[in-house]
1. Can you list the residues, at least 5 places off or on another chain, whose amide H is less than 5 Å from the amide H of Ala85, using H built in the peptide plane?
2. For the chain, what is the relative contact order in percent, using Cα pairs closer than 8 Å and at least 6 residues apart in sequence?
3. Express in whole angstrom the spacing between the alpha-carbon centres of the stretch 31-87 and the stretch 132-201.
4. Any idea how far apart Ile38 and Ala7 come out in nm if each label point goes 7 Å out from Cα toward Cβ?
5. When ligands, DNA and RNA are left out and all protein chains stay put, how many square angstrom of accessible area per residue does the stretch 5-222 have with a 1.4 Å probe?
6. Can you compute 3J(HN,Hα) from phi for each residue in the stretch 218-224, using the Karplus curve 6.51 cos²θ - 1.76 cosθ + 1.60 with θ = phi - 60°, rounded to whole Hz and x for Gly and Pro?
7. Counting just the Cα atoms, what span does the chain cover along each of its three principal axes? Round to the nearest Å and put the largest first.
8. Suppose a student asked you for the relative contact order of the stretch 53-124, using Cα pairs under 8 Å spaced at least 6 residues apart; what percent would you report?
Amino acid sequence: MTPNLAATMRSGREFLRRAVRVLLDAGIDQFLDIGSGIPTVGNVHEVAQAANPQARIVYVDIDPVAVAHSRELLAGNDRATALLADLREPKLILDQARDGGLIDFDRPVGILLAGVVHFVADADRPADVLATLRAAAAPGSHLVISHSTFEDQPQEMLDAQRLSARTATEITLRSRAEITGFFGDWTILEPGVVHMPLWRPDSPSDVDEHPERFGAFGGVARHDRTAG
Ligand SMILES: C[S@@+](CC[C@H](N)C(=O)[O-])C[C@H]1O[C@@H](n2cnc3c(N)ncnc32)[C@H](O)[C@@H]1O
């Protein structure tokens, strides 16, 4: 729990929407959104299918309530589904997404990890989780990550964070360098891994005076390595 949780979540959703549009422009038409949460206005499938009605989306969350809400919202949409699964078991997610027939891992895929990797503790080897997901993705695939950080944060934010560390929603704040490492050897797109509002804002006036106040970095990378 951060002091400005609602604003932080809004900033995170806006970052995700901007990133999804960039992926759509790059020709991505299938999305694996892990840690997708409770559906809100402007969900990934709405943004993606408005731009490309053929776009396919698989939502994944560990929370049965989030998955139930997502399924309700997706009723009648045969190009989107929601899976109950745990990011810490990426092979199971990949198998289920593949078996469901909506994601073809031989073609470029957009892997979205918005506000979720910080729920994976160091003991659960987040770098290995990311490596497994990247290894499954064809060249041309894109990876979107937003992740809470301790960098540039005021003491009150870090104190609030320390309190929440005693609850079930424990999160691991990480440095920009650690978060950047989750992209592996993929090409990080401009402007790099930055405080979320600074990532390709729709207009300069959208950038908060203190973009660091949302306490999270965001970035997007592309798999450029050719197969073989
Ligand atoms: C802060 S919300 C982010 C929701 C959405 N991606 C967004 O950007 O607004 C984090 C979500 O990650 C889910 N989550 C936490 N740990 C997870 C895990 N190990 N595997 C899958 N989902 C997880 C939570 O249930 C929650 O819905």
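The values are calculated or read from the model by the stated rules, or taken from the named source; none is laboratory data. The structure presented is a predicted model; accordingly, all values stated were derived computationally and were not measured. Positions of Cβ are backbone-derived with ideal geometry, glycine not excepted, and every protein chain shown enters the neighbour counts. Quick note on the areas: whole protein, heavy atoms, side chains included, nothing else; ligands and nucleic acids left out. Shrake-Rupley method; radii C 1.70, N 1.55, O 1.52, S 1.80 Å.
1. Distant-sequence amide H within range of Ala85: Asp61, Ile62.
2. On the way: 418 pairs, mean separation 48.2, N = 228.
Value for the chain: 21 percent.
3. So the separation of the two Cα centres works out to 21 Å.
4. Between Ile38 and Ala7, the simple spin-label model gives 2.1 nm.
5. 46 Å²
6. x, x, 9, 9, 10, 7, 9
7. Cα extents, longest axis first: 47, 35, 34 Å.
8. Values: 66 pairs, mean separation 21.7, N = 72.
Relative contact order of the stretch 53-124: 30 percent.
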